[in-house]
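The values are calculated or read from the model by the stated rules, or taken from the named source; none is laboratory data. Model, not experiment: these values are computed from the prediction. Here the Cβ positions follow ideal geometry from the backbone for every residue, glycine too, while neighbour counts run over all protein chains shown.
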Amino acid sequence: MKNIGININTSKDPDGSILESVLRTIYDEDRSIKVKIFENSDELETVTEELEALIVLGGDGTLLGAARKIARYGVPILGINIGHLGFLTECDSSEAGEAIVKLLRNKFHVEERSMLSCSFESQGVTKCYNALNEVILSKGTLINIIKYDVFVDGDFYGTFVSDGVLVSTATGSTAYNMSCGGPLVFPTLDTMILSPICPHSMNMRSMVLGNQVKIDVDLNKNSENVYLTLDGQEWMELDKVKNVKIEASPYKCRLVRLDGSNYFEVLRKKITYRTKEGEGVQYENSEAR
C-alpha cells in the first residue's frame with residue numbers, strides 16, 4: 001500500500017498530536033508511503049482513485065461526511081474514533097497504532113455498505129444526493145404536521161400524517177431509525193427501512209424493503225416548509241418541490257474491517273448496553289446472564 005489519505009477532524013485534534021502519532025506509525029512501517037492529508041470534508045472533493053485507503057480520524061459524523069464525499073471512488077475507509085460514540089469507526093484512538101499496522105500489512109477485509117440516493121427537481125434542474133445512514137424529510141416548525149403520500153415502485157403505500165418520513169439503510173438502522181422505533185438490521189444487508197417520524201396514527205409502522213425498490217414521496221405541504229436532511233449533517237429547504245425520489249445509490253461505502261473485529265461486540269458495548277445507562281442498569285461483565 002503506497003498511497004494513503006488521512007481525513008482529520010481538526011476540532012478533535014487541536015494540537016495535532018493525534019495526526020502526528022498516526023503519521024509516525026505509518027512512516028515507521030514504510031517511509032516510501034505517500035500520505036495526503038485532508039483537514040476537512042470539503043477537501044475530500046479532490047480525492048481520486050489513486051488512493052488505496054482513507055484513514056478517517058474523528059467520530060461517526062466525520063466518517064459519514066467522508067463516506068458521502070468519496071463513495072464514487074470506491075476508496076476503503078478505516079475509521080479511527082477520536083470522537084464521542086464511534087460506532088461506525090473500526091477502533092478507538094488507543095488502538096490506532098495496531099490498526100494502522102494491520103492496514104499497511106493487508107490484514108483486513110473490506111465490508112461494503114449500501115447507501116441511499118435521493119433526487120428531486122427544483123427550478124427545472126434535477127438535484128441528486130447520497131447518504132450512508134438515512135434520508136429525512138421533515139417539517140420546519142413545531143406546530144403543524146404534514147401529509148406525505150408514499151409510493152413504493154409506483155404503488156401507493158399510504159399517507160404518512162406525521163412530522164416527517166425517514167428512509168434508512170441497514171447501516172443507519174442503529175441511528176435515527178432506532179430512535180423512531182424502527183428495527184435493527186444487520187449492516188451488510190441490502191435493505192431500506194421506511195418509517196414515519198412521530199406519526200399521528202398508532203397504526204403507522206416501519207417497513208423493511210429490498211434495495212431494488214424505488215420510493216416516491218409526494219409533499220402535501222401547503223404553506224409549510226419541508227426540509228431534506230442527509231445523515232443528520234447536510235440539509236436544505238425544499239421550496240416548491242413536490243416530489244422526492246429515494247432509492248439505493250449506485251455507490252457503496254467500503255469500510256475496512258480488521259482481522260478479529262466483531263460487530264456484535266461493538267453493538268453490545270456502544271448501542272445495546274449503552275442504552276441501559278439511563279435506566280440505572282450497569283453491566284460489569286458482558287458475558288454475564
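Contact map, region 172-189: first residue over 16 Å from residue 207 (Cβ atoms), second residue in a helix (DSSP H, G or I) and not hydroxyl-bearing (Ser, Thr, Tyr), Cβ cut-off under 7 Å, separation 6 or more or different chains; pairs are 174/271. Exactly one residue among 18, 37, 80, 70 is crowded, with 21+ Cβ neighbours inside 10 Å, of a type outside the set (Ser, Thr, Tyr) and modelled with pLDDT under 95, and that residue is 70.
Pairing residues of region 254-274 that are assigned to a loop (DSSP other than H, G, I, E, B) with residues that are modelled with pLDDT under 85, at Cβ distances under 8 Å and at least 6 apart in sequence or on separate chains, gives 273/283; 273/286. Scanning region 150-185 for residues that are more than 17 Å from residue 267 (Cβ to Cβ) and among the polar types (S, T, N, Q), we see that the one that is surrounded by the fewest Cβ atoms within 10 Å (Cβ to Cβ) is 159. In region 1-29, the residues that are under 25 Å from residue 74 (Cβ atoms) reach residues that are part of a loop (DSSP other than H, G, I, E, B) and among the small types (Gly, Ala, Ser) with C-beta atoms within less than 8 angstrom, at least six apart or across chains, in these pairs: 2/32; 9/59; 9/83.
Could you check, for region 192-204, whether at least one of its residues is part of a loop (DSSP other than H, G, I, E, B), modelled with pLDDT of 95 or more, buried (at least 16 other Cβ atoms within 10 Å of the Cβ) and not aromatic (Phe, Trp, Tyr)?
Taking every residue of region 192-204 in turn, none turns out to be part of a loop (DSSP other than H, G, I, E, B), modelled with pLDDT of 95 or more, buried (at least 16 other Cβ atoms within 10 Å of the Cβ) and not aromatic (Phe, Trp, Tyr).
Considering region 1-19, and only residues there that are among the small types (Gly, Ala, Ser) and part of a helix (DSSP H, G or I), the residue that is farthest from residue 58 (Cα to Cα) turns out to be 17. For region 205-233, the set of residues classified as under 18 Å from the mean Cα position of the chain (by Cα) and either part of a loop (DSSP other than H, G, I, E, B) or exposed (fewer than 15 other Cβ atoms within 10 Å of the Cβ) (or both) consists of 211, 231, 232, 233, listed by residue number. When residue 230 is tested against (1) farther than 25 Å from residue 122 by Cα; (2) touching a helix residue (DSSP H, G or I) at 6+ places or on another chain (Cβ under 9 Å), just one condition goes unmet, and that condition is (1).
Output yes when any residue across region 153-170 is among the small types (Gly, Ala, Ser), in the same structural domain as residue 122 (by TED's automatic domain parsing), at negative phi and part of a loop (DSSP other than H, G, I, E, B), and no when none is. Yes - at least one qualifying residue is present in region 153-170. Set side by side, the residues 64, 116, 44, 88 differ, and just one is assigned to a strand (DSSP E or B) and either basic (Lys, Arg) or touching a residue at least 12 places away in the same chain (Cβ under 8 Å) (or both), which is 116.
Would you confirm whether or not region 49-57 contains a residue that is more than 21 Å from residue 110 (Cα to Cα) and surrounded by fewer than 17 Cβ atoms within 10 Å (Cβ to Cβ)? Full working, then the answer.
Here is the first cut: in region 49-57, the ones more than 21 Å from residue 110 (Cα to Cα) are none.
No: region 49-57 contains no residue that is more than 21 Å from residue 110 (Cα to Cα) and surrounded by fewer than 17 Cβ atoms within 10 Å (Cβ to Cβ).
Tell me, which residue of region 131-147 that is crowded, with 23+ Cβ neighbours inside 10 Å and out of contact with any Ser or Thr (no Cβ under 7 Å at 6 or more places or on another chain) is nearest to residue 68 (Cα to Cα)? The extreme case among them is 131. Looking at region 71-80, can you tell me whether even one residue there is in contact (Cβ under 8 Å) with a residue 12 or more places away in the chain, among the hydrophobic types (A, V, I, L, M, F, W, C), assigned by TED's automatic domain parsing to the domain that holds residue 9 and assigned to a helix (DSSP H, G or I)? Yes, region 71-80 contains at least one residue that is in contact (Cβ under 8 Å) with a residue 12 or more places away in the chain, among the hydrophobic types (A, V, I, L, M, F, W, C), assigned by TED's automatic domain parsing to the domain that holds residue 9 and assigned to a helix (DSSP H, G or I). Among the residues making up region 20-33, those that are under 28 Å from the mean Cα position of the chain (by Cα) and either of a type in the set (Ser, Thr, Tyr) or not in a helix (DSSP H, G or I) (or both) are 21, 25.
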